Ligand code: TYM
């Protein structure tokens, strides 16, 4: 099964990224799976160049620590495969301004700043290119990427109708639980890397004492009945889903075992800390050997280019470009 997915190396990786996406990547890795750190996407918002460099390497180590095996799948850095940026231009000439300006994430992020970058608007086209370059059949992502996935399908179909059938039309895949992990302090909004909410965001490499504090202080409600109900109890349901995705149960099963919020929070905190402990340990070892990480990225980029290059050439030729001949 051909798979592609990506993650931005902006901010630190949080539990939403892990449960919503990365854990699915690990479970579905195979020789036909491509996972990328999308550093070009991270340029759409202000970021210090030195920070971007460091975080890109942090993310490489984090993904390996979380269980990606570069012998089994292809792990690479987006900017090291130039076809992504090239493909993006071609697809900008397939997508329309109207459909891009309707994207929810664009509207949210643009409304928070004056003079946003054009890349913030065209970002979903770059993402569509990431996916289509690899003829991905499945794209494991969290719920917040659904709309971008729909647009990718739309662009692929439009292209195929206009220029001939080149693209595979991909499908998004979401995990059974925690496809949308909410902020612990404000369960009406998703946990996010780009909005600062230190007490609401559980980072993958938070100290165990911080994880404990954040979970114990998570906002719930006051009626003290443990029940899985997103409408009436979003804060509690968020915790139940998180528990369920770590324990492999359903949120309803977890809820049945508890009668007090405090007991659930205590056990959840222990479960999260013990589940993440081996990842923290491996991360420290891997992050120390930067040369090995750089070499691994170079191998990944070479493998990715072998797939992306020929597809790019087909697209360019179908559109009438003489490039690559
Ligand atoms: P990014 O970097 O924001 O997030 C990476 C992955 O984590 C998921 N995610 C969540 N899942 C559950 N709960 C949350 N609170 C949560 N927050 C984030 C995201 O859905 C995503 O799967 N545009 C993408 C990156 C991208 C991409 C691609 C993804 C670029 N090209 C091609 C797939 C295929 C993004 O910004 O993800």
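Every read-out reported here was derived from the displayed coordinates using simple, explicitly stated rules and does not represent laboratory data. None of the values given here were measured: they were computed from a predicted structure. Every residue, glycine as well, gets a Cβ built from its backbone with ideal geometry; the counts of neighbours run over all protein chains shown.
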- Task: Obtain the nm distance between the two label points defined at residue 313 and residue 85 by a simple spin-label model: each point lies 7 Å from its Cα along the Cα-to-C-beta direction.
- Result: 2.2
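Between residue 225 and residue 247, how high is the FRET efficiency from 1/(1 + (r/R0)^6) when r is the Cβ-Cβ distance and R₀ = 22 Å? Nearest 0.05.
Numbers: r = 21 Å, r/R0 = 0.95.
For residue 225 and residue 247, the calculated efficiency is 0.55.
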- Quick one: helix 49-66 against the long Cα principal axis of the chain, what's the angle to the nearest 10°, folded into 0 to 90? 70
- Tilt relative to the chain, helix 234-247 - C-alpha long axis, 0 to 90 degrees, to 10: 80
- Message: Taking the beta-carbon count within 10 Å as an exposure proxy, list 107, 303 from fewest neighbours to most.
- Response: 107, 303
- Message: Can you show me the helix-derived [θ] at 222 nm for the chain, built from DSSP H runs with n ≥ 4 at -39,500 (n - 2.57) apiece and divided by the number of residues, rounded to the nearest 500.
- Response: -16500 deg cm²/dmol
- Fluctuation leader among 14, 84, 114 - the chain, Gaussian network, Cα springs under 10 angstrom: 114
- Per 20 Å bin from zero, what fraction in whole % of the C-alpha pairs of the chain is there, up to the bin with the longest pair? 31, 56, 12, 0
- Using eta = 1.567 mPa s and T = 4 °C, Stokes-Einstein with Kirkwood Rh from Cα pairs puts D for segment 93-134, in µm² s⁻¹, at 118
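Gain in length, residue 271 to residue 161, computed as 0.36 nm per residue apart minus the alpha-carbon separation, to one decimal in nm? Walk me through the numbers on the way to the answer.
Working: separation 110, 0.36 × 110 = 39.60 nm, distance 4.98 nm.
Additional length available on full extension: 34.6 nm.
Provide 57, 252 in ascending order of the number of other Cβ atoms located within 10 Å of each residue's Cβ, fewest first. Spell out each step's value before the answer.
Values: 57 18, 252 12.
By the 10 Å Cβ count, ascending: 252, 57.
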- Task: Give the percent of DSSP beta bridges with both residues in the chain that are antiparallel, rounded to the nearest 5.
- Result: 15
- Message: Give me 179, 305 sorted ascending by neighbouring Cβ count inside 10 Å, so fewest comes first.
- Response: 305, 179
- Can you pull the three principal axis extents for the Cα set of segment 104-172, in Å, largest first? 40, 26, 15
- Query: What value does segment 180-284 have for Rg/Rh, both radii from Cα atoms and Rh as Kirkwood defines it?
  - Reply: 0.95
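Could you please tell me the mean projected area of the C-alpha convex hull for segment 7-125, averaged over all directions and given in square nanometres to one decimal?
Values: hull surface 33.0 nm².
Convex hull of Cα atoms, orientation-averaged projection: 8.2 nm².
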- Message: Compute the helix-to-body angle for 118-132: its Cα long axis versus the longest principal axis of the chain, expressed 0 to 90° and rounded to tens.
- Response: 80
- Item | 19 Å reach of a label modelled at residue 306, 7 Å along Cα-to-Cβ, counting backbone N of segment 66-88 | 69-78, 80-84
- Radius of gyration and Dmax over the Cα atoms of segment 87-241, both given in Å: 19.0, 59
